[in-house]
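The values are calculated or read from the model by the stated rules, or taken from the named source; none is laboratory data. The structure presented is a predicted model; accordingly, all values stated were derived computationally and were not measured. Glycine also receives a Cβ, built like all others from the backbone with ideal geometry; neighbour counts cover every protein chain displayed. The accessibility values were calculated without ligands, DNA or RNA, using every heavy atom of the protein model including side chains. Shrake-Rupley method; radii C 1.70, N 1.55, O 1.52, S 1.80 Å.
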Amino acid sequence: MKLIYTDSLVVGAGLAGLRVAIASKERGLDTVVLSLIPAKRSHSAAAQGGMQASLGNAVKGMGDDEDVHFQDTVKGSDWGCDQDVARMFAHCAPKAVRELTNWGVPWSRVTKGPRDVIVNAEKVTLHEAEEAHGLINARDFGGTKKWRTCYTADGTGHSLLYAMDNKAISMDIPVHERVEALALIHDGQRCHGVIARCLITGELRAYVAKSTTIATGGYGRIYEVSTNAIICEGIGQALALETGVATLGNMEAVQFHPTAIVPVGILTTEGCRGDGGLLRDKDGYRFMPDYEPEKKELASRDVVSRRMTEHMRKGKGVDSPYGPHLWLDITLLGRKHIETNLREVQEICENFLGIDPAKDWIPVRPTQHYSMGGIRTNATGESPQLKGLFSVGEAACWDMHGFNRLGGNSLAETVVGGMIIGKYVADFCQNNSLEIDTKLAEQFMHKVQAEIDELVEGDGTESAFAIKREMQQIMMDYVGIFRNGPELDKAVAELKVLLTRSGQLGLKCKKRHANPELVEALRVKRMLKVALTVASGAAARTESRGAHAREDYPQRNDRDWLKRTLASWPDANALEPTLSYEDLDVMKMELPPGYRGYGINNAIVHPDTEKREQQIAEILKELGDDADRYQKQWALMPFELPESLRPKNERLSDTLVRPTSTDLGEESTGEQAL
Amino acid sequence: MTVNFSVKKWSGWLDLSQSVSGVMLAVFLWTHLVLVSSILLGADAMSWVARTMELSFLSADGHGYPWVVTLIAIAIAVLASIHVLVALQKLPMSLAQQKALRLQMQTINHGDTRLWRWQAITGVIILLLLPVHLWLIGSAPETIGPYGSADRIWNQGVWLVYLPLLFTVELHAAIGIYRVALKWGAARDLNTRERMKKIKTVVSVIFILIGVASLLAFLPYAN
Amino acid sequence: MTQGRTLTFNIFRYDPQEANDKPKMVQYQIAETPGMTVFIALNKLREEQDTSLQFDFVCRAGICGSCAMVINGFPTLACRTLTAKYPKGEITLMPLPGFELIGDLSVNTGKFMRELAERLQLWLHPKSDDIDVHRLEDPMDPEEAARLYELERCVECGVCVSACATKQMRDTFVGAVGMMKIARFEMDSRDGRTAEDFYHVIGNQDGVFGCMTLLGCQDNCPKDLPHMQQIAYLRRKMAMTLV
């Protein structure tokens, strides 16, 4: 048995995983990263638009700070997020942006003086401050009160990932490429590492570590059409699920992005609309203002996706062989803007659609995009059930996104979460010793070996490819943007049948080394379990919140459902997960549940909401008018952070004389204030 | 500004000297051909050119110094040797390298790489033919002229050397100048490069035509 | 979009881990569908005809650089190559030359790029290491940031390496990808390295002075990066250190 020992083991070499690895290595810990692919090919690279951080350098970002970012995030989550975590995040986001500058990210910068932008289909001239010249710029994104999304043209994820991986290389952090983790080594209380398979040689290895961090991204590929890379198959979540102990949080919270191209589902960034692009129907009519007069195209993603679906259901979609779609119109931004700031979009349009986005409208449709759910962790990123198991980024349910993630907050989560959780992981490694139980590792190794033997030598006849396709179809048809009880029940029932069938998988290609069919077979069983947690969670949650929209329960129900779904799989032979719930405590919230600002306000109120609002008013009154915003915040909801990340963030506005409101131009129409 | 001759930087010097020697040789080549083409204007024109090359205007008897041509031939030989020595290290010298090159060119379809291969092939041919030319001229500079040259080319059969030399050298030089220009950044964009590529072909063709015409123009003087 | 055609794929097959296997070309037929890309076709072939077929795709959107292969003589990204591009309906697929072959169309570009990055130190060497992330960032010329991003767009797909005859002949040659990245850091005002420092890395036969300007890199780069100009820029810069 091949055993590899390390202090800090990270599974997944995207932004989040690499950031944790760097944090571990910075403390002198031995660190190993496992990855299915070369690190720079990770799906983080696909994030185009940018990451949110309240730097407030650009004129449209003036007045921004952690408080505004926090509020946007909480509202965006439809109050489903963990507010402590949202606070930790908003506080550290500017730090992460500045840190990345020093690691090489060429953030787009502010140019002083006037510049023309498109806001609400009209040309507006903004005047950037002399003092802001050369500082990091920001663009507008959906669901935010300020222009807060820092970017490098439309290749932000790419730039970040390259800078991050370069940093990791400079620190000599080994990335074991083309290695797939297949099981966690654990004793029910503590996680000791993983069993992984080399995708080239087929060799099984036990990686034994003090801490194991899962940063494998989302589970978008359980859907047939997704903007996600084809490796985003939820295997990280499945690893945790298969321990039978660790829990997954809010798996039913799946985001659909409004503008993926039809039919292949490749993303065009939210920056298209942020920079002024419009949505049009088959008559060329701009329909979003009818539904969302305030935010229009820049309402939160879940809202825009639902409105688009509604509009298509009214027969206003453009017919195509692949079903109806709508148009994304960025022609009004002008060729120069598209060729500099939306280059990737342009390339995608040319290569996959054969159109010129400076001239033609882009066919788009809401498409599965992001997994808010994931491995449930506490604020330090550690699984509450399995000591030593950490998770970060999209793989995790650290829970800053709740039931809907804001554009620009996912890229931010990877590097900010990685920065914070990386420190906790390093703390854990320094405070704990390596426990080597070779017998335990061997036991898990044998289990995986037996699974492979059964696939290669067994007499099963089911095709992994066929089962995967069926699963993806079920998820598309019954667990989509709009959901209802009967369809969700059907999804659960059919997925269970598939899970049973997946016990009878057989391979045509019997190789034990590089064998794509074997890889598929090993994954599909795990993916089915993940899909079942999504469908079961959705079926059980009889309310609508954020991206989880039930046609049969259209109201947000804070009274009964202000809680997080937890899914576990204690019985390996069971056909569905065990669901439990974790209440969100209104009495501890800095921002008690309120109206999010879209459609009619029909939420069923939580009994504590009013109490907490009064309490907040009293606390603030007691503090008096002299208290600054930091003191107020601290009095309402103190939050934890590693010491080195505590200092306040300096901003241009600290020293710059505030421009008058006329200089500011039109106030950005944000999510409505409470 | 001091010239930094450190040994560590030899490869920079090598590359630079390849470019510089190449450009000098090409410039000489084209000038040379223009001069030789004076035969197209008649025997007198060529005789005058030949005399002037021998610096006849400096000598009292007006016959000039034929050894000047020998000196030029030696200088070109030296320049060409430098060029060859530096260029050799870029060529696939081992069997393994040749195999890798062949495999790559079989798999991947790329015009400029094929151009370079032509340059390499013509370079090797020039390496064989040029010494003959230089020796013939350098050892008997006084024979250069409409009748002497015609006799050499057509009666002594030296056209068998000159014709292939003409073709190879004109291809080699034009491609070389095109590449040197790209190498040091003369083309700011791809359109300029396309234009330069066309000009390069035109230059090759024109000089080959001039050369062939000149060779033929010697024919009447050969008898 | 062409419909109803039958495409013929000639695919290089070889499993270096199978003792008795020899490199060969295998022919497959597949019905073309509207908007079909080589990515779609290969996956269909694997699912329906030969489950052992090896190839690499990740983002399938032309962003990650995983899927470079030689398609009818041109190295490019397979995910964004539409089959409709080939009027004869014959498509020959070869793995990128110059990389370690994992099997069939899959090559180990990741290992190559990591080794290159380590060898050439392809990361930002900040002028000062003690930056304070809590303070306002240092300003940077907006034009410079835009120029840097242009060079940052490289996806390390390996096309330039395979399209470079120089690289194929000389294993130690850093290739366009290495030089482009050096050019990117050389231009970065935050990087503390001097022209002399870069000379030590690429001012030699394995670097700019070994490049023969064949421009296979420039002509095949799926991201249209300005290799020709950048390598020329570096060469001038390095030559300037001679005087």
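Given +1 on the Cβ of Lys and Arg, -1 on the Cβ of Asp and Glu, and no further charges, what dipole in debye does the protein assembly as shown carry about its Cα centre, rounded to the nearest 20?
2880
At 27 Å minimum axial length over the Cα atoms and a Kyte-Doolittle cut of -0.5, report the qualifying DSSP H helices in chain B, or say none.
Answer set is B:10-36, B:67-88, B:111-139, B:159-183, B:190-218.
Cross-link candidates for A:LYS282: which aspartates and glutamates have Cα within less than 17 Å, leaving aside residues fewer than 8 places away along the same chain?
Within reach: A:ASP290, A:GLU297, A:GLU310, A:ASP319, A:ASP329, A:ASP360.
Of C:LEU42, B:TYR162, C:VAL155, which is farthest along the charge dipole of the protein assembly as shown in the positive direction, counting Lys and Arg as +1 and Asp and Glu as -1 at C-beta?
With unit charges placed on the Cβ atoms, the residue in question is B:TYR162.
Lys/Arg Cβ at +1, Asp/Glu Cβ at -1, dipole of the protein assembly as shown taken about the Cα centre: which of A:GLN615, A:GLY408, A:CYS92 is farthest positive-ward?
Comparing the listed Cα positions along the dipole, A:GLY408 ranks first.
Can you give the angle from 0 to 90° between the axis of helix A:438-457 and the longest principal axis of chain A, with both taken from C-alpha atoms, to the nearest 10?
Roughly 80 degrees between the two axes.
Roll a 1.4 Å probe over the protein chains and send me the accessible area per residue for the stretch C:6-106 in Å².
With the other protein chains kept in place, the stretch C:6-106 gives 36 Å² per residue.
Can you put A:LYS511, A:LYS316, C:LYS85 in order of accessible area, largest first, using a 1.4 Å probe?
C:LYS85, A:LYS316, A:LYS511
Using a Förster radius of 25 Å, what is the FRET efficiency between A:ASP453 and C:GLU100 based on their Cβ-Cβ separation? Nearest 0.05, please.
Once rounded, the FRET efficiency stands at 0.30.
What does the accessible area of A:MET251 come to, in Å² to the nearest 10, when a probe of 1.4 Å is used?
0
Normalised by the number of residues in chain C, what is the relative contact order in percent for Cα pairs under 8 Å and 6+ residues apart?
Relative CO of chain C lands at 17 percent.
Could you give the angle, 0 to 90 degrees to the nearest 10, between helix A:409-431's Cα long axis and the longest principal axis of the Cα atoms of chain A?
With both axes taken from Cα atoms, the answer is about 50 degrees.
What nm distance separates the two modelled labels at A:LYS2 and C:ASP129, each placed 7 Å from Cα along Cα→Cβ?
Here the modelled spin labels are 3.3 nm apart.
Which entries of A:LYS40/A:LYS648; A:LYS490/A:LYS563; A:LYS314/C:LYS85 show an alpha-carbon separation above 29 angstrom in the structure shown?
Listed pairs above 29 Å: A:LYS40/A:LYS648; A:LYS314/C:LYS85.
Sum up the charges of everything whose Cβ sits under 11 Å from the Cβ of A:VAL20, counting Lys and Arg as +1 and Asp and Glu as -1, but leave A:VAL20 out.
Around A:VAL20, the surrounding residues sum to +2.
If you stretched the chain out fully between A:GLN555 and A:ARG469, how much longer would it get, using 0.36 nm times the residue separation minus the C-alpha to C-alpha distance?
27.7 nm
Could you name the lysines whose alpha carbon sits less than 26 Å from that of C:LYS88, not counting residues in the same chain fewer than 8 places away?
C:LYS24, C:LYS44
Provide the buried accessible surface between chains A and C in square angstrom, both chains summed, 1.4 Å probe, rounded to the nearest 100.
6000
What share of the DSSP beta bridges in the protein assembly as shown is antiparallel, in percent to the nearest 5?
If we restrict to bridges inside the protein assembly as shown, about 70 percent are antiparallel.
Given a 1.4 Å probe and every protein chain left where it sits, what share in percent of the accessible area of the protein assembly as shown is carbon and sulfur?
The value for the protein assembly as shown is 56 percent carbon and sulfur by accessible area.
With a probe of 1.4 Å, find how much accessible area chain B has per residue, and write the answer as a whole number in Å².
54
Could you give the nm distance between label points at C:ASN72 and B:ILE199, where each point is 7 Å from its Cα heading toward the beta carbon?
Going from the C:ASN72 label point to the B:ILE199 one covers 3.4 nm.
Take A:GLU413, A:GLU582, A:GLU294 and sort them by solvent-accessible surface of the protein heavy atoms, 1.4 Å probe, largest at the top.
Descending accessible area places them as A:GLU294, A:GLU582, A:GLU413.
For B:LYS200, which lysines qualify as cross-link partners when the Cα separation must be under 17 Å and same-chain residues fewer than eight apart are set aside?
B:LYS183
Using amide H atoms built 1.01 Å from N in the peptide plane, name the residues 5+ places from A:GLY277, or on other chains, whose amide H lies under 5 Å from its own.
Under 5 Å from the amide H of A:GLY277: no residue qualifies.
Could you tell me the accessible area of A:HIS401 in Å² (1.4 Å probe, neighbours in place), rounded to the nearest ten?
Per-residue accessible area (A:HIS401): approximately 10 Å².
For the protein assembly as shown, what does -39500 (n - 2.57) per DSSP helix run (n ≥ 4), summed and divided by total residues, give at 222 nm, in deg cm²/dmol to the nearest 500?
For the protein assembly as shown, the value works out to -13500 deg cm²/dmol.
Say the cut-off is 18 Å between C-alpha atoms; which of A:LYS2/A:LYS511; A:LYS439/A:LYS511; A:LYS145/A:LYS296 go over it?
From A:LYS2/A:LYS511; A:LYS439/A:LYS511; A:LYS145/A:LYS296, over 18 Å: A:LYS2/A:LYS511; A:LYS439/A:LYS511.
Please give the helix A:15-26 orientation as an angle from the longest Cα principal axis of chain A, in degrees from 0 to 90, rounded to the nearest 10.
The answer is roughly 80 degrees.
Quote the relative contact order of the stretch B:12-222 in percent (integer), defining contacts as alpha-carbon pairs under 8 Å separated by 6+ residues.
29
Which net charge results when you count Lys and Arg as +1 and Asp and Glu as -1 among the other residues whose beta-carbon is under 11 Å from that of C:PRO23?
Around C:PRO23, the surrounding residues sum to 0.
In percent, what relative contact order does chain A have, based on Cα pairs under 8 Å that are 6 or more apart in sequence?
Here the relative contact order equals 20 percent.
Leaving ligands, DNA and RNA out of it, work out the accessible area of A:SER383 with a 1.4 Å probe and give it in Å² to the nearest 10.
The value for A:SER383 is about 10 Å².
How do A:HIS311, A:HIS127 stack up against each other in accessible area, from largest to smallest, with a 1.4 angstrom probe?
In descending accessible area the options line up as A:HIS127, A:HIS311.
Given +1 on the Cβ of Lys and Arg, -1 on the Cβ of Asp and Glu, and no further charges, what dipole in debye does the stretch B:12-222 carry about its Cα centre, rounded to the nearest 20?
1100
Select from B:LEU115, B:HIS172, B:LEU134 the residue farthest towards the positive end of the dipole of the stretch B:111-216; place +1 on Cβ of Lys and Arg, -1 on Cβ of Asp and Glu, and compute about the Cα centre.
Value computed over the given set: B:LEU115.
Could you tell me which GluC sites (Glu not before Pro) in the stretch A:193-236 are loop residues by DSSP with no more than 15 other beta carbons within 10 angstrom of their beta carbon?
Of the GluC sites (Glu not before Pro), the ones in loops of the stretch A:193-236 whose Cβ has at most 15 other Cβ atoms within 10 Å are A:GLU203.
If you put +1 on each Lys and Arg Cβ and -1 on each Asp and Glu Cβ, how big is the dipole of chain A around its Cα centre, in Debye rounded to 20?
In total the dipole reaches around 1000 debye.
Roll a 1.4 Å probe over the protein chains and send me the accessible area per residue for chain A in Å².
Here the residues of chain A average 32 Å² of exposed surface.
Can you pull the one-decimal nm distance between simple spin-label points at A:LYS112 and A:GLN615, each 7 Å off the Cα toward Cβ?
4.9
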